[in-house]
Amino acid sequence: MDEMVKAALAKWPNVPDCYGWLGLDSRGQWFMRDDRAQACGSFAGLGANEASKGSLLRHDKLIDFIGRNYEADTHGRWFFQNGPQRVYVELEQAPWVWRVDDAGTVQSHTGRAAVIQAVFVDEAGHVLLDTDLGLGLVHTQDVGRVAELIERGQWPEPTELASATLPSRFGFVLSPAEAKQAT
């Protein structure tokens, strides 16, 4: 976490949390979800559509700032610590999106290196990796590369898993906004 973020937390400890305004899609892209986007439906799952995603963030420095300050709380809700305010993230599929190079090096959508522990495939054919950072989806452009690594024996054979079981099995919340409304 950035030092200026830690300082802001110390200076203003009681800023309310923010829900529903930031989303992470299955390609590792961040979306700003204003009132209109949120009114169009969920970010993922039933009710999700292009209008409900919001606006794609394109500002490199903002994207890097979000990535450096992206973490999970003890309840498995992922957030971006924006100064003193915690902005909970709506996840399309998983908290991480992995990029994989030809050597099998894994890096997250935020630029963090990860070490794989297991490979999974869901019923839709999505490839997921459990790593030392947690579970994430392999970027669609890298699925072929993962298949090659498995075929060469460099990575373990994938295990089949139902996508509906992923959040509970791996301890993450797809929609902190919906979870908050349910309590």
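The values are calculated or read from the model by the stated rules, or taken from the named source; none is laboratory data. From a predicted model like this one, the values you see are computed outputs, not experimental measurements. Backbone-built Cβ (ideal geometry, glycine too); neighbour counts: all protein chains shown.
Observations, loosely collected:
- Remark: Val89 falls outside the filter, which requires a residue to be touching a strand residue (DSSP E or B) at 6+ places or on another chain (Cβ under 6 Å) and assigned by TED's automatic domain parsing to the domain that holds Gln141.
- All conditions but one from (1) of a type in the set (Val, Ile, Thr); (2) touching a Cys at 6+ places or on another chain (Cβ under 7 Å); (3) not in a strand (DSSP E or B) apply to Thr110; the one that does not is (2).
- Some residue of the range 79-88 being hydroxyl-bearing (Ser, Thr, Tyr), at pLDDT below 95 and either in contact with an Asp or Glu (Cβ under 8 Å, 6 or more places away or on another chain) or outside any loop (DSSP other than H, G, I, E, B) (or both): no
- Among the criteria (1) assigned to a helix (DSSP H, G or I); (2) charged (D, E, K, R); (3) under 18 Å from Leu91 (Cα atoms); (4) at pLDDT 95 or above, the one Asp130 does not fulfil is (1).
- Positions within the range 132-144 being more than 13 Å from His109 (Cβ to Cβ) and either buried (at least 17 other Cβ atoms within 10 Å of the Cβ) or under 12 Å from the mean Cα position of the chain (by Cα) (or both), in sequence order: Leu135
- Looking across the range 56-78, the residues that are touching a strand residue (DSSP E or B) at 6+ places or on another chain (Cβ under 9 Å), part of a helix (DSSP H, G or I) and not aromatic (Phe, Trp, Tyr) come down to Leu62, Ile63, Ile66, Gly67.
- Filter result (within 17 Å of the chain's Cα centre (by Cα) and more than 21 Å from Val138 (Cα to Cα)) within the range 25-47: Met32, Arg33, Ser42
- The single condition among (1) surrounded by fewer than 17 Cβ atoms within 10 Å (Cβ to Cβ); (2) in contact (Cβ under 8 Å) with a residue 12 or more places away in the chain; (3) assigned to a helix (DSSP H, G or I) that Ser52 does not satisfy is (1).
- Cβ pairs under 7 Å, 6+ apart, first in the range 16-38 and in contact (Cβ under 8 Å) with a residue 12 or more places away in the chain, second crowded, with 20+ Cβ neighbours inside 10 Å and among the polar types (S, T, N, Q): Ser26/Gln93; Ala37/Ser52
- Residues that are in contact with a helix residue (DSSP H, G or I) (Cβ under 6 Å, 6 or more places away or on another chain) and small (Gly, Ala, Ser), drawn from the range 73-88: Gly83
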